[in-house]
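The values are calculated or read from the model by the stated rules, or taken from the named source; none is laboratory data. This is a predicted model, so every value here is computed, not measured. No Cβ is skipped: glycine too gets one built from the backbone with ideal geometry, and neighbour counts run over all protein chains shown. Note: areas computed on protein heavy atoms with side chains; ligands, DNA, RNA excluded. Shrake-Rupley method; radii C 1.70, N 1.55, O 1.52, S 1.80 Å.
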Amino acid sequence: MRTPAQARPVGLTVAAALLGLITVSCGSGGGTTPKSPASRTTAEHGYEAAYDAGWREGKRLFKDGGKGAAVREVVWGGCVRRSLTAQPHNVVEKDRGAWVLGCKQAVGSGTDRHPPTTWVTRRESDPDLLARFRSWALANGVKQPARHVSQVVIVHLGDRDYDVELATAYTDTSAKVEVKRLADAFATWWDGDDGDNARAWNLIVSARDGKQLITRNL
């Protein structure tokens with residue numbers, strides 16, 4: 001026969017209360033609201049999702065083109081160039097460098113996965129490049145388009161691959177011929193010899209709100 005609640009031993013009641021207190025304390029982290037699993041993994045999910053998307057694309061390229069695809073995508077920069085238009089765009093843009101890494105690893109062997117443990121893409125403003133470009137533009141009759149550039153940003157996509165982004169005062173309603181003139185001028189000025197340890201692949205001209213207006217090969 002079950003004992004009525006009011007007749008239970010006091011010791012059991014106290015023990016149950018203490019157990020409940022310990023459970024609440026451990027679960028709450030000392031009174032702090034615990035972070036949800038989604039919030040804890042937001043950062044990891046960004047670069048991991050981009051890497052996985054690049055890996056899937058690289059596997060497809062390797063399947064279709066074999067070793068020839070590996071040379072094209074890794075040595076000739078195919079994965080880097082593809083990253084500008086790769087889908088899904090919202091996933092790729094979380095960490096384009098991680099997407100490139102996944103693409104290159106998958107197309108290179110198709111088997112060895114070495115996902116990143118932190119963000120891969122790194123943006124770095126380069127005032128010296130901006131000053132040198134403006135000086136060249138002044139001497140070569142393209143001063144006006146160069147005046148629209150507010151920053152030259154090096155977008156590192158790994159240890160050796162990078163893009164060059166021109167942050168400008170243009171908007172998405174600016175005349176396309178003006179934006180193209182700026183891109184043409186910068187591409188003409190750019191020194192194609194990037195050195196032994198790094199290689200620039202793309203030129204990106206961005207509007208004041210960060211939207212890409214035009215891209216060019218470097």
Output for segment 110-170: chymotrypsin sites (Phe, Trp or Tyr not before Pro) sitting in coil per DSSP, at most 16 other Cβ within 10 Å, listed by number, reads Trp119
For Asp209 and Thr117, extending 7 Å from Cα along the Cα-Cβ vector and measuring point to point gives, in nm, a value of 4.0
Probe 1.4 Å, heavy atoms of protein chains only: per residue, the accessible area of segment 155-213 in Å² is 52
For segment 111-152, the per residue accessible area (1.4 Å probe, Å²) is 70
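Once neighbouring chains are kept in place and the probe is 1.4 Å, which whole percent of the accessible area of segment 114-176 is contributed by carbon and sulfur?
The nonpolar share, carbon plus sulfur, comes to 49 percent.
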Here the gain from full extension of Trp76 to Glu93, 0.36 nm per residue of separation minus their alpha-carbon distance, amounts to 4.0 nm
Filtered hits (lysines, Cα-Cα < 22 Å from Lys176, offset >= 8 within chain) -> Lys143, Lys211
If the chain between Arg216 and Lys176 were fully extended at 0.36 nm per residue, the gain over the current Cα-Cα distance would be 13.0 nm
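Show me the trypsin sites (Lys or Arg not before Pro) within segment 96-146 that DSSP assigns to loop and that have at most 16 other Cβ atoms within 10 Å of their Cβ.
Numbers: sites: Arg96, Lys104, Arg113, Arg122, Arg123, Arg132, Arg134, Lys143; in loops: Arg113.
Hits after loop and neighbour filter: Arg113.
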So, with points 7 Å from each Cα along the Cβ direction, the Asp184-Asp128 label distance in nm works out to 3.1
